[in-house]
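Following: one structure in structure tokens, then a few remarks.
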Amino acid sequence: MSSAVVQQDWAPPDPRPVTPSTILARELGEICTQLDSNPDVDPEVVARLRRALVLAQGLDPYLGQCTSPESPALAELARRTHETDWEAPSSGLVRLEQEMLSGHVEGQLLKFLVHLANAHRVLEIGMFTGYSALAMAEALPEDGVVVACEVDPGVARFAQECFEASPAGHKIAIEVGPALETLQRLSDESAEPFDFVFIDADKSGYLDYVEFLLGSALLSPRAVIAVDNTLMQGDPYAEHRPASPNGAAIAEFNAALTYDARVEQVLIPLRDGITLIRRAPR
């Protein structure tokens, strides 16, 4: 299939502050604006705050600048996602937001991880419009497959249209429905195990997904599980403010992993946090 053509005059909109670094940048910016109008504040204090603001504001753009560019197909999928109104759920099942898109830098990280794992079979739990699924498919060999679980039928249709217009889209098989039901069916069918798993779904379900995978035969011996949003806007560690329901769920998930002797894990502070998990060596 021919590669999608991206509109040359399109650029991604400025993202909402939904990660620890972008929330920090917003807070510092508002503080600097307030202090600028106060003549009683030591100018050196304002200057130091502005230096901190530059550090926070510049991180994500610099990461993007220093990361290999996304493919035309991924850029087109991102464009279509950003130009679609997601305010109203397509099926009433979930509340959708553009920020659910994994995006350029995280997409490239996932491609790297799939490549390093020498993966042939990838499982995704929570697909949204398919950016991460397509990024991982691009890293797979021609006979590789991404099994992508998505609960929202409307979003699944949107993603399928994007996949059909992309060179690697034929490697992606979408499973529509609750992810645990899909996992149970795959287990019952003795499906071939997966070499890499990416979880980016309902945060309250994270523990159940990982627990099911670790207790099943769905993971290959050297499989890696990557879990998104494990910093959840800083809620798990920012004790000065009440955690959101998602933040509380992620805090519980992170704590459970920390004390689970079956696994080894590392939390990478990229965007909203991504945790890599593998079975502990015996």
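We did not get these values from a lab; they are worked out from the coordinates using the rules stated. Computed from a prediction, not measured in an experiment: that's the story for all the values here. Cβ coordinates were reconstructed from backbone atoms using ideal geometry, including for glycine residues, and neighbour counts include every protein chain displayed.
General remarks:
- When each of the peptides 57-69, 264-276 is scored by the mean number of other C-beta atoms lying within 10 Å of its residues, the order from highest to lowest reads 264-276, 57-69.
- Taken over the alpha carbons of segment 20-65 as equal point scatterers, the Debye sum produces base-10 log I(q)/I(0) values at 0.18 Å⁻¹ of -0.53.
- Filtered GluC sites (Glu not before Pro), segment 105-200: DSSP coil and at most 14 other beta carbons within 10 Å: GLU142, GLU189
- Choice from VAL147, VAL45, VAL227 showing the highest fluctuation, given a GNM over the chain with Cα pairs closer than 10 Å: VAL45
- Overall dimensions of segment 36-88 by Cα: Rg and Dmax, Å: 19.0, 53
- Rg and Dmax of the chain, both derived from C-alpha coordinates alone, stand at 20.0, 71 Å.
- Antiparallel beta bridges, as assigned by DSSP with both residues in the chain, represent about 35 percent of the total such bridges.
- The orientation-averaged shadow of the Cα convex hull for segment 175-217, equal to a quarter of the hull surface, comes to 3.1 nm².
- DSSP bridge pairs, segment 170-282: antiparallel proportion in percent, nearest 5: 65
- Sites matching chymotrypsin sites (Phe, Trp or Tyr not before Pro) across segment 191-282 that sit in DSSP coil, with at most 14 neighbouring C-beta atoms within 10 Å: TYR237, TYR259
- Per-residue ellipticity at 222 nm, computed for the chain from helices alone with -39500 (n - 2.57) per DSSP H run of at least four residues, works out to -13500 deg cm²/dmol.
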